[in-house]
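Contents: one structure, followed by commentary.
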Amino acid sequence: MIVNMSDKATEREIAHIIERIREAGYTAHVTRGVERCIVAAVGNGRRHEIEALQVAPGVDNVVAIAQPFKLVSRQVKPERTVVKVGGVAGVVAIGGPGVVVIAGPCSVESREQLISTAHAVKRAGATMLRGGAYKPRTSPYDFQGLGLEALKILREAREQSGLPVVTEVMSTEDVDIICEHVDMLQVGARNMQNFALLRRLATVNKPVLLKRGPSATVKEWLLAAEYLLSGGNSQVVLCERGIKTFETEMRNTFDLAAVALARDLSHLPVIADPSHGTGKQSLIAAVSRAAVAVGADGLIIEVHPCPERALSDGAQSLDFAGFEKVMKAIAEPLRRAAVPAGAEAEVA
Ligand code: PEP
Ligand code: MN
């Protein structure tokens, strides 16, 4: 339930509503917007006691939260969230006016590979660096990542380039060591519903990049984000990375509309991963442009100094020149709508 306070509500009236929500067995979450304050009653309590607050002083109205996710929903927080990711050379804001481009290799393979990539993607305009240290591989015989050694390399690349770093966390055991080395923790698609991991990440003081599971509905994805917010971590960025469909030409089917839908339903920033979303180098520019056109707050793109030698995801990784081309492509304006025949002169 949501208690919408009137724009003239006093601090005492707001405090009273918070107290009544707690007495009714709920947790109170307060969102202070530019004009008014919203107090959400979240959890399992006595609903009729909240409904009765319609007549309490300072209350405009009391409404049910339409969706099963509560703190993630725009009903509870209409203003968009901006997630700040800290780096040694400054902070990158995801969810602000600019499209944030995160780039780097699928896996950290060596110091030279990551550092050269960090400098190249920075030169081309990326503002964050990615790189996997612990890799979720479909086969146990594939490269599993360099672990702690990769974390140290990521930290060095971050110091040298000034780019904040994101890396995937697969297990609750690795959370502390990863937090010591990087600026943002990625929950991979295969772990979107690893509830023990989500509960643990809800308690850390670092932002989380939450990928959509390959078979998850948008609702399940937002409920996974709800675990993070309800546990105390509101610094969450959602990432659409393609889903499983009957299509076989592409590694996954990039769900473009889900980017727009997630931004409609939630105040959290949403970024797009065209690399995993397509599995093909040749489609990265087009899907990146499309994602930006539907409102994506950012992109995460795999880049490798020599994709043919990559230990993971080479087929979808761009080399440095390819990445530069994608950066140029996303800056180009979209085509204009056609005009009726004979009307070109008027438009020009
Ligand atoms: C990755 O980012 O390299 C990765 C494994 O992504 P996903 O979890 O989306 O498959
Ligand atoms: Mn990858």
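Observations
- Matching residues in region 170-184 - criterion: being within 21 Å of T138 (Cα to Cα), buried (at least 18 other Cβ atoms within 10 Å of the Cβ) and away from ligand 1 (no atom under 12 Å from the Cβ): D174
- Test: residue in region 280-288 that is over 30 Å from G145 (Cα atoms) and basic (K, R): no
- Qualifying residue in region 330-344 (condition: touching a Lys or Arg at 6+ places or on another chain (Cβ under 8 Å), crowded, with 16+ Cβ neighbours inside 10 Å and touching a residue at least 24 places away in the same chain (Cβ under 8 Å)): yes
- Which numbered condition A338 misses (of (1) within 15 Å of ligand 1 (Cβ to nearest atom); (2) assigned to a loop (DSSP other than H, G, I, E, B); (3) more than 18 Å from Q144 (Cα to Cα)): (1)
- Filtered by the rule that a residue be in contact (Cβ under 8 Å) with a residue 40 or more places away in the chain, crowded, with 18+ Cβ neighbours inside 10 Å and within 16 Å of ligand 2 (Cβ to nearest atom), region 187-208 gives G188, A189, N191.
- Among the residues listed as A225, A150, A157, the single one being in contact (Cβ under 8 Å) with a residue 60 or more places away in the chain and either crowded, with 16+ Cβ neighbours inside 10 Å or within 23 Å of I115 (Cβ to Cβ) (or both): A225
- Residue in region 273-283 that is open to solvent by 60 Å² or more (accessible area, probe 1.4 Å), part of a loop (DSSP other than H, G, I, E, B) and within 16 Å of ligand 1 (Cβ to nearest atom) present: yes
- Among all positions in region 287-304, there is no residue which is in a loop (DSSP other than H, G, I, E, B) and either of a type in the set (F, W, Y) or free of Cβ contacts under 8 Å to residues at least 24 places away in the same chain (or both).
- Answer residue from region 291-326, given it is open to solvent by less than 30 Å² (accessible area, probe 1.4 Å) and farther than 25 Å from S110 by Cα and is farthest from ligand 2 (Cβ to nearest atom) among those: G295
- All of (1) open to solvent by less than 50 Å² (accessible area, probe 1.4 Å); (2) among the β-branched types (V, I, T); (3) away from ligand 1 (no atom under 15 Å from the Cβ); (4) closer than 30 Å to L228 by Cα hold for V287 with one exception: (3).
- Here is the figure for region 252-287: residues that are within 16 Å of ligand 2 (Cβ to nearest atom) and closer than 21 Å to V166 by Cβ total 13.
- Here the strands (runs of 3 or more DSSP E) wholly within region 23-128 that include at least 2 residues being more than 16 Å from ligand 1 (Cβ to nearest atom) and open to solvent by less than 60 Å² (accessible area, probe 1.4 Å) are 27-32, 37-42, 59-63, 83-87, 90-94.
- Residue check for A262: in a loop (DSSP other than H, G, I, E, B), open to solvent by less than 30 Å² (accessible area, probe 1.4 Å), within 28 Å of E226 (Cβ to Cβ) and modelled with pLDDT of 95 or more: no
- For region 228-252, residues that are surrounded by fewer than 17 Cβ atoms within 10 Å (Cβ to Cβ) and within 15 Å of ligand 1 (Cβ to nearest atom) total 2.
- Cβ pairs under 6 Å, 6+ apart, first in region 257-278 and among the hydrophobic types (A, V, I, L, M, F, W, C), second in a helix (DSSP H, G or I) and within 16 Å of ligand 2 (Cβ to nearest atom): none
- Which numbered condition V166 misses (of (1) surrounded by 20 or more Cβ atoms within 10 Å (Cβ to Cβ); (2) over 30 Å from R32 (Cβ atoms); (3) not charged (D, E, K, R)): (2)
Here's the yes/no breakdown for (1) in contact with a helix residue (DSSP H, G or I) (Cβ under 6 Å, 6 or more places away or on another chain); (2) among the acidic types (D, E); (3) at pLDDT 95 or above; (4) within 12 Å of ligand 1 (Cβ to nearest atom):
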{"residue": "G188", "(1), (2), (3), (4)": "no, no, yes, yes"}
{"residue": "L198", "(1), (2), (3), (4)": "yes, no, yes, no"}
{"residue": "K211", "(1), (2), (3), (4)": "yes, no, yes, yes"}
{"residue": "L223", "(1), (2), (3), (4)": "no, no, yes, no"}
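The values are calculated or read from the model by the stated rules, or taken from the named source; none is laboratory data. Quick caveat, the model's predicted, so the values are computed rather than measured. Backbone-built Cβ (ideal geometry, glycine too); neighbour counts: all protein chains shown. Ligands, DNA and RNA are stripped out before the accessible areas are found, and what is left, the full protein with its side chains, is counted by its heavy atoms. Shrake-Rupley method; radii C 1.70, N 1.55, O 1.52, S 1.80 Å.
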